[in-house]
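Trainee: Below is the structure I would like to discuss, written out as structure tokens.
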Amino acid sequence: MLVLANCTSTPKPWHADKPYNISPELLHIDSLMWLQPDSATRELSRFWANYNINSTDAFNKHYFNLLVSEALFKGGYPQSNRKRLLKAVDYFDTTDYWLSARAHYMNGVGFKAEDSVAEALYEYLHVLDIVDEHIPTPPHPRFMMLIHCRLGDLFSSQYMQEPAIICYENALKFNALGECMPFEKSTLLHELGYQYDKLQKYDTALYYYDEALSLMSDTSNISYQNLLFYIAMLDCTSGEDFDNGILKAKKLVSQIPEPHRDWRLSVYKTH
């Protein structure tokens, strides 16, 4: 279920009135994690160096391990602390709904990395159940955007375009509440365009691709180039301007840096 209305109000801190002695250092790191993950990771390293985590109380130990899993994910690293994360999942299920939701989200990330799609889907949907039943005012709208986006990615990977569209549209609604990275709206619009592209609804696909392009000021980055490529291929697949679309696509492929060329060529061949 989409939880949106209550996100527009300013909630009190999730940790208010908790019966635990929550580490102020970890709370500070948590506050950085949402929009400054690099800074949060550096602070986590300092915390690890300055504290004996094994002597820390259970709540803060599991809180630390949850934050580590989030930092690894945001940094593009494997979930190397997975066993510790699973212990955090079990612990927060009985102590804190907000951290439980985040721990299950990260568990879903771990399952997805293992290509366990069904298990990842279960975890992401369980997150929405936790929020729906126990967190009337989620502390971070961006978290809600991310969970709907991950669900959209899962459905899209299974060629289930209709549910993917619903998820990305929900993600856009939470994105509009603020507290999000500048590039995230254009990414969501791109994903919506791609779903309609696969459904052969080319006019709608082009609309979303153009909307995404309009939000990108850096025309040299790979995301901008990807969008131009998808639009060129749209000309081919829709039959609007096949020859011109092929020429534009070939030109774009020739300009791609080597690390990305094989992927783009595979898209070129399958359209």
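The values are calculated or read from the model by the stated rules, or taken from the named source; none is laboratory data. Remember, predicted model here, so these are calculated numbers, not experimental data. Note: ideal-geometry Cβ built from the backbone for every residue, glycine included; neighbour counts use all protein chains shown.
Trainee: For the stretch 151-195, give me each residue that is in contact with a His (Cβ under 9 Å, 6 or more places away or on another chain), farther than 14 Å from residue 208 by Cβ and assigned to a helix (DSSP H, G or I).
Mentor: Within the stretch 151-195, 166, 167, 170, 173, 174 qualify.
Trainee: I've got another one for you. Name every residue in the stretch 96-121 that is surrounded by fewer than 16 Cβ atoms within 10 Å (Cβ to Cβ), out of contact with any helix residue (DSSP H, G or I) (no Cβ under 6 Å at 6 or more places or on another chain) and either in a loop (DSSP other than H, G, I, E, B) or without any contact (Cβ under 8 Å) to a residue 12 or more places away in the chain (or both), in order of residue number.
Mentor: 114, 115, 116, 118 - these are the residues of the stretch 96-121 that are surrounded by fewer than 16 Cβ atoms within 10 Å (Cβ to Cβ), out of contact with any helix residue (DSSP H, G or I) (no Cβ under 6 Å at 6 or more places or on another chain) and either in a loop (DSSP other than H, G, I, E, B) or without any contact (Cβ under 8 Å) to a residue 12 or more places away in the chain (or both).
Trainee: For residues in the stretch 74-93 being part of a loop (DSSP other than H, G, I, E, B) and either among the aromatic types (Phe, Trp, Tyr) or more than 24 Å from residue 42 (Cβ to Cβ) (or both), which is farthest from the chain's Cα centre (by Cα)?
Mentor: Let us first name the residues in the stretch 74-93 that are part of a loop (DSSP other than H, G, I, E, B), namely 75-81, 93.
Cutting the leftovers down to either among the aromatic types (Phe, Trp, Tyr) or more than 24 Å from residue 42 (Cβ to Cβ) (or both) gives us 77, 93.
Working: 77: 15, 93: 22 Å.
Taking the candidates together, the pick is 93.
Trainee: Shifting gears a bit: Taking residue 200 as meeting all but one of (1) modelled with pLDDT of 95 or more; (2) polar (S, T, N, Q); (3) on the phi > 0 side of the Ramachandran plot, write down the number of the exception.
Mentor: (1)
Trainee: List pairs: first residue in the stretch 32-51 and more than 27 Å from residue 182 (Cα to Cα), second residue assigned to a helix (DSSP H, G or I) anywhere in the structure, Cβ distance under 6 angstrom, at least six positions apart or on different chains.
Mentor: Close Cβ pairs (under 6 Å, with a partner that is assigned to a helix (DSSP H, G or I)) amount to 47/25.
Trainee: Here is a further query. State all residues of the stretch 37-52 that are exposed (fewer than 13 other Cβ atoms within 10 Å of the Cβ) and either of a type in the set (A, V, I, L, M, F, W, C) or not in a helix (DSSP H, G or I) (or both); if no residue qualifies, say none.
Mentor: 48, 49, 52
Trainee: Can you find, within the stretch 179-205, the residue that is surrounded by the fewest Cβ atoms within 10 Å (Cβ to Cβ) among those that are small (Gly, Ala, Ser) and within 28 Å of residue 74 (Cβ to Cβ)? Write out each step before concluding.
Mentor: Of all residues in the stretch 179-205, those small (Gly, Ala, Ser) come to 186, 193, 205.
Add one more test, that the residue is within 28 Å of residue 74 (Cβ to Cβ), and what stays is 186, 193.
Details: 186: 19, 193: 27.
Looking at residues that are small (Gly, Ala, Ser) and within 28 Å of residue 74 (Cβ to Cβ), I get 186.
Trainee: Sort through 232, 171, 176 and tell me the only one that's crowded, with 19+ Cβ neighbours inside 10 Å, of a type outside the set (Val, Ile, Thr) and closer than 30 Å to residue 38 by Cβ. Before you say what the answer is, go through the steps one by one.
Mentor: Numbers: 232 fails: closer than 30 Å to residue 38 by Cβ; 176 fails: crowded, with 19+ Cβ neighbours inside 10 Å.
Answer to the check: 171.
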